[in-house]
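Reviewing the structure listed below.
Just so it is clear, none of the values below were taken in a lab; they were calculated from the coordinates. Note that the structure is predicted; figures quoted are calculated from it, not measured. Note that each Cβ is placed from the backbone with ideal geometry, even for glycine, and that neighbours are counted across all protein chains shown.
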Amino acid sequence: MVIRRHMLKIDALRNVGRRSSYAGATLYSTLAPCALCAGAAIQCGIQRVVVGESENFAGELQLLKDRGIEVVLIDDPEATALMKNFITQNSQLWHEDIGIESP
Ligand SMILES: [Zn+2]
C-alpha cells in the first residue's frame, strides 16, 4: 500500500520535532482525524485533540476517547463548509485519501 497523501496531523507532529514527551500538547485539526493520524496522536501521547468538524468525515474520535484523549469537537459551520467545498472540488483525491473508491 502506498500512502500518497501527506497526513496533515502527522506532518504537524513531525514539524514540532522530536520530543521526549508531548504531555500537555494539543493537536488541532479542521476535520476528524483518520485512523492513521489518530494512531499517531495515541502513539505520541497527545492528551487533547481539538476538531473543527466531523460532519464530512466521522474519523476516529471514539478511538481517541477510548484511549483517554480529550476530544473537543467544535462543530464549526465554517470548517464544515470548508471541508465540504474541498471534497466537492477534489472528489477523487478525497476518496483516495480516505481509502474509498470514488463514486
Ligand atoms: Zn489522517
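Near residue 48, within a Cβ-to-Cβ distance under 14 Å, what is the net charge of the other residues, with Lys and Arg +1 and Asp and Glu -1? It would help to have the intermediate numbers written out before the result.
Values: positive: 9, 65, 67; negative: 70.
It works out to a net charge of +2.
Just to check I understand the Karplus step: with θ = phi - 60° and J = 6.51 cos²θ - 1.76 cosθ + 1.60, what whole-Hz values come out for segment 78-88, glycine and proline as x?
In residue order, the calculated couplings are 5, 5, 4, 5, 4, 5, 4, 5, 4, 5, 5 Hz.
If you count the DSSP beta bridges with both ends in the chain, what percent of them are antiparallel, to the nearest 5?
0 percent
Can you give me the relative contact order of segment 37-83 as a percent, contacts being Cα pairs under 8 Å and 6 or more apart?
On the way: 52 pairs, mean separation 21.8, N = 47.
Contact order relative to length: 46 percent.
Please give the net charge around residue 79, taking every other residue with its beta carbon less than 11 angstrom from that of residue 79, where Lys and Arg add +1 and Asp and Glu add -1. Spell out each step's value before the answer.
Details: positive: 84; negative: 53, 55, 75, 76, 78.
Charge balance near residue 79 sits at -4.
Given an 8 Å cut-off on Cα distances and at least 6 residues of separation, report the relative contact order of the chain as a percent.
Values: 132 pairs, mean separation 24.1, N = 103.
Relative CO of the chain lands at 23 percent.
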